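A short write-up of the structure that comes next.
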Amino acid sequence: MFETDVQDVPQEALTGSLPSESQIARLLHEAYARCAEVTTGEVADYIPALAEADPALFGLSLTEVDGTGHRVGDTAALFTIQSISKAFVLALVCEAIGHQEVHRVVGVNNTGLPFNSVIALELNDGNPMNPMVNAGAIATTALVPGATAEEKWWTLHEGLSRFAGRSLELDTRVLDSESASNHRNQGIADLLTSYDRLHADPAEMVDLYTRQCSLLVTADDLAVMGATLADGGINPVTGERVVSPEVCRDTLSVLAACGMYELSGEWLFEIGLPAKSGVSGGIVAIAPGKGALGAFSPPLDRAGNSVRGQRACAHLSRALGLNLFASRPHPAKDAEHA
Ligand code: GLU
């Protein structure tokens, strides 16, 4: 699916460290050059304001757990975070109320169906299944600490900004556009309420969820946010602790199973990293203990994943030795077979 001709995987990278900075820079530029040629995919248009995105924009950013950043292309271009917010809101909620409660109320299994599926809810007795689909994300947002929607928003906005290391701004145009057209999400929240699985005002929770999706980020921001999850919860640029190492572990396991929509299995098979994508064209892919990739390119595949972003992540996962499932024999055994 993501054919690459990468052969030069640095062997030391398979054992827990990234290659040298000059190699990373070279490989990032190489991935960019190859994937910039790809012109397939469609820009999302079911949220009218997203249809205006420039399909030519393309940025790749990598932040190492020591805070070193590498970038190429449009890594400072702003776009709305959309579903990628779900990953970081999950982490904030796990930190606040514990992962067992999230497991109990929301679940951690892939639905195998699109992110905004109503059938998935019906088939599972109203169980939202996981925090990466819209039903589960709305249920997770309802668990954010705060007595009122405004208090919850403050916690959300402050928490996501701490992941990024800067105060994230709201794109009110995208927010208004989505708010005027998100009837399906309103239906999903009402359905959750009918199954007694949403203990907050459904319209308010959809509004909060839509706001979290409308925060503006860059590919550089995504790399820093992801690197915070790769770094045991400490933002490697600001040095601030955002969540605990256990919360990073739990969040990343959910991303591995559910982060790339119903194509999460294929992504894991090809790329081998926990990741989350969003319909505005962003992807964050996390290599625990090493760092994170932030990619941005608006044209999407049928599930909602950026086409260029996926290809670039596939290339870099192989070239940088990031795949979590890769190993090599113990040196002594390796020598015996040489
Ligand atoms: N706000 C979007 C929605 O709920 C996010 C979708 C996505 O990025 O997957 O439809």
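From the list Ala326, Ala303, pick out the single residue that is out of contact with any Asp or Glu (no Cβ under 7 Å at 6 or more places or on another chain) and in contact (Cβ under 8 Å) with a residue 40 or more places away in the chain. That would be Ala326, the only listed residue that is out of contact with any Asp or Glu (no Cβ under 7 Å at 6 or more places or on another chain) and in contact (Cβ under 8 Å) with a residue 40 or more places away in the chain. Taking region 253-270 as the search range and keeping residues that are surrounded by fewer than 24 Cβ atoms within 10 Å (Cβ to Cβ) and either aliphatic (A, V, I, L, M) or over 25 Å from Thr40 (Cα atoms) (or both), which one is nearest to the ligand (Cβ to nearest atom)? Filtering first and then ranking leaves Leu263.
Of these, Val108, Val93, Val133, which one is buried (at least 21 other Cβ atoms within 10 Å of the Cβ), more than 18 Å from Ala219 (Cα to Cα) and away from the ligand (no atom under 16 Å from the Cβ)?
On the way: Val108 fails: buried (at least 21 other Cβ atoms within 10 Å of the Cβ); Val133 fails: away from the ligand (no atom under 16 Å from the Cβ).
Of Val108, Val93, Val133, the one residue that is buried (at least 21 other Cβ atoms within 10 Å of the Cβ), more than 18 Å from Ala219 (Cα to Cα) and away from the ligand (no atom under 16 Å from the Cβ) is Val93.
Does Leu121 satisfy being part of a helix (DSSP H, G or I) and either under 21 Å from the mean Cα position of the chain (by Cα) or surrounded by 20 or more Cβ atoms within 10 Å (Cβ to Cβ) (or both)? Show your work before the answer.
Details: part of a helix (DSSP H, G or I): yes; either under 21 Å from the mean Cα position of the chain (by Cα) or surrounded by 20 or more Cβ atoms within 10 Å (Cβ to Cβ) (or both): yes.
The answer is yes for Leu121.
Might you let me know whether region 44-67 holds any residue that is within 24 Å of Val247 (Cα to Cα), buried (at least 17 other Cβ atoms within 10 Å of the Cβ), modelled with pLDDT of 95 or more and within 16 Å of the ligand (Cβ to nearest atom)? There is no residue in region 44-67 that is within 24 Å of Val247 (Cα to Cα), buried (at least 17 other Cβ atoms within 10 Å of the Cβ), modelled with pLDDT of 95 or more and within 16 Å of the ligand (Cβ to nearest atom). Answer yes or no as to whether Thr172 is closer than 20 Å to Val102 by Cα and of a type in the set (S, T, N, Q). When the stated conditions are applied, Thr172 does not pass them. Restricting the search to helices (runs of 4 or more DSSP H) fully inside region 159-244 and requiring at least 2 residues that are surrounded by fewer than 17 Cβ atoms within 10 Å (Cβ to Cβ) and within 16 Å of the ligand (Cβ to nearest atom) gives 172-179, 183-194.
For (1) over 27 Å from Asn235 (Cα atoms); (2) modelled with pLDDT of 95 or more, each residue gets a yes or a no:
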| position | (1), (2) |
| --- | --- |
| Asn110 | yes, no |
| Asn116 | yes, no |
| Pro131 | no, yes |
| Ala142 | no, yes |
| Thr148 | yes, yes |
| Lys152 | no, yes |
| Gly165 | no, yes |
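The residues listed here are Ala87, Ala31; of these, the one that is modelled with pLDDT of 95 or more, assigned to a helix (DSSP H, G or I) and within 16 Å of the ligand (Cβ to nearest atom) is Ala87.
The values are calculated or read from the model by the stated rules, or taken from the named source; none is laboratory data. None of the values given here were measured: they were computed from a predicted structure. Cβ sites come from the backbone with ideal geometry, for glycine too, and all protein chains shown count toward neighbours.
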